[in-house]
1. At q = 0.17, 0.20 Å⁻¹, work out log10 I(q)/I(0) for segment 8-127 with the Debye formula, treating every Cα as an identical point scatterer and leaving solvent out; two decimals please.
2. Can you send over the carbon and sulfur percentage of the accessible area for segment 21-160, probe radius 1.4 Å, protein chains only?
3. Would you work out which of 130, 142, 88 lies farthest towards the positive end of the dipole of segment 23-154? Charges go on Cβ: Lys and Arg +1, Asp and Glu -1.
4. For a quick protection proxy, order the peptides 95-105, 112-122 by their average other-Cβ count within 10 Å, most packed first.
5. Going by alpha carbons, how many degrees (0 to 90, nearest 10) lie between the helix axis of 106-138 and the longest principal axis of the chain?
6. Keeping all protein chains in place, calculate the accessible area per residue for the chain (probe 1.4 angstrom), answer in Å².
7. With +1 assigned to the C-beta of every Lys and Arg and -1 to the C-beta of every Asp and Glu, and no other charges, what is the dipole magnitude of segment 1-135 about the Cα centre in debye, to the nearest 20?
8. So how exposed is residue 4, as accessible area in Å² (1.4 Å probe, rounded to 10)?
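The values are calculated or read from the model by the stated rules, or taken from the named source; none is laboratory data. Remember, it's a predicted structure, so these values are computed and weren't measured experimentally. Heads up, the Cβs are rebuilt from the backbone with ideal geometry, glycines too, and the neighbour counts pull from every protein chain shown. When the accessible area is computed, the model is the full protein with side chains, heavy atoms only, and any ligands, DNA or RNA have been set aside. Shrake-Rupley method; radii C 1.70, N 1.55, O 1.52, S 1.80 Å.
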Amino acid sequence: MTYIWIPLLLLFGIWYLTFSATRLDRLHHRAETSWANLDAILQRRAALAIDIAHLPKIDPATNLLLTAAAHQAREADIADRSEAESGLTGALTVLRDDAEIVASYPELFQELDTLTERLRIAIALHVEAVSAARARREKLIYRIFKLAGHAPLPVKYAFEDDSLSSSQ
């Protein structure tokens, strides 16, 4: 009778480890997908900033500031991405204070507002996905059996905290 319990216990252990590894893989996939969505929104925001920078009523200094910030945000590598995105956010915030320009081009600024709201949601989803994956990886069973495999640890960027705190 005891000989039956040992294989059953072994099969349950194998099933549990497989289930756990699959769950962690799905969490990693969710973090990667949320980053891809966030990156697409950030790229669209940079493109919109370039469009705004080239409006006829924009002065040359603002044009230069917005264009530089947008290009830097679009082309920044991973190490410099947070600083570049924060710079673009700051440049867009300064432009937002000019009521004459905002009133002259309401459709562009409405699109910017929509993108900003989508950006806040995408950031919240990405932060949650990264936190869930990291929390799961910290559990003892995942570390002992190396269930994460060779998957890199999901990353949360500094500009995500800045954007979330400015939305309050």
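1. Debye intensities relative to I(0), on a log10 scale: -0.85, -1.07.
2. Values: 4480 of 7710 Å².
Ligands and nucleic acids excluded, carbon and sulfur give 58 percent.
3. Comparing the listed Cα positions along the dipole, 142 ranks first.
4. Result, highest mean Cβ count within 10 Å first: 112-122, 95-105.
5. The answer is roughly 20 degrees.
6. Details: 10320 Å² over 168 residues.
Here the residues of the chain average 61 Å² of exposed surface.
7. Numbers: 12 positive and 18 negative charges, 152 e Å.
The calculated dipole for segment 1-135 is roughly 740 debye.
8. Around 100 Å² of this residue is reachable by solvent.
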